[in-house]
Amino acid sequence: MKRTKSISFYMRIFHRYLGFFLAGIMAVYAFSGIILIFRETDFLKSEKRVEKKIAVGLTSETLGRALHMKKLQVAKEEGNVLYFNDGTYNSVTGDVKYTSNDLPAVIMKLNQLHKASTNQPLFWLNIFFGVSLFFFVVSSFLMFKPKNKTLKEGVYVSVVGVALTILLVFLS
């Protein structure tokens, strides 16, 4: 007589192999996520001098949008030249010169993992990753029998994790 295998048996197998597969993806996400924490600093960034032409006649308000600089503030204006952060803009010629601090290209690409939108093919990886992580949440509870002490303790620890996360989100 052949014995049927339980759901918890299959959950363990699928959880194990999906976990091995996602280990590499999680390592890359973890590394780039840690780097993103320091995005407001100059950590790992190198200075780059930029010289280009943009639209003429921009005001101090529209200059920041044209250069994709959120915190651009014009310090002074002398004739046709606006002086800002680390650069200048000539409103007659459209010449702009400034210094920017950028991450290395490889790290900038990795950071796109976290910022991918539906306009980029990379968003499918984010969806797969999110669904897989959600599967991990569900399958970790289905790997144990309902009256198992480990399952009950795991539920308590999970509730504490959810509560701590919600508390930190609202305190920040």
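Has segment 107-128 got at least one residue that is within 20 Å of K48 (Cβ to Cβ) and among the polar types (S, T, N, Q)? Please lay out each step first, then the result.
Residues of segment 107-128 that are within 20 Å of K48 (Cβ to Cβ), as a first pass: 107-112.
Among the residues that remain, those that are also among the polar types (S, T, N, Q) are: 111-112.
The answer is yes, given that some residue of segment 107-128 is within 20 Å of K48 (Cβ to Cβ) and among the polar types (S, T, N, Q).
Quick grid of which residues meet (1) under 25 Å from F141 (Cβ atoms); (2) assigned to a helix (DSSP H, G or I); (3) outside the structural domain of G87 (by TED's automatic domain parsing):
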site: H15; (1), (2), (3): yes, yes, yes
site: L18; (1), (2), (3): yes, yes, yes
site: I25; (1), (2), (3): yes, yes, yes
site: A30; (1), (2), (3): yes, yes, yes
site: G33; (1), (2), (3): no, yes, yes
site: L36; (1), (2), (3): no, yes, yes
site: K52; (1), (2), (3): no, no, no
site: A55; (1), (2), (3): no, no, no
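Kindly list the number of the only condition in (1) in the same structural domain as M26 (by TED's automatic domain parsing); (2) among the β-branched types (V, I, T); (3) at pLDDT 90 or above that fails for V138.
(3)
Output the helices (runs of 4 or more DSSP H) that fall wholly within segment 103-172 and possess 1 or more residues being surrounded by 13 or more Cβ atoms within 10 Å (Cβ to Cβ), of a type in the set (S, T, Y) and touching a residue at least 24 places away in the same chain (Cβ under 8 Å), or say none.
Ranges flagged: 123-142.
The values are calculated or read from the model by the stated rules, or taken from the named source; none is laboratory data. Everything quoted here is computed from the prediction, not taken from an experiment. Note that each Cβ is placed from the backbone with ideal geometry, even for glycine, and that neighbours are counted across all protein chains shown.
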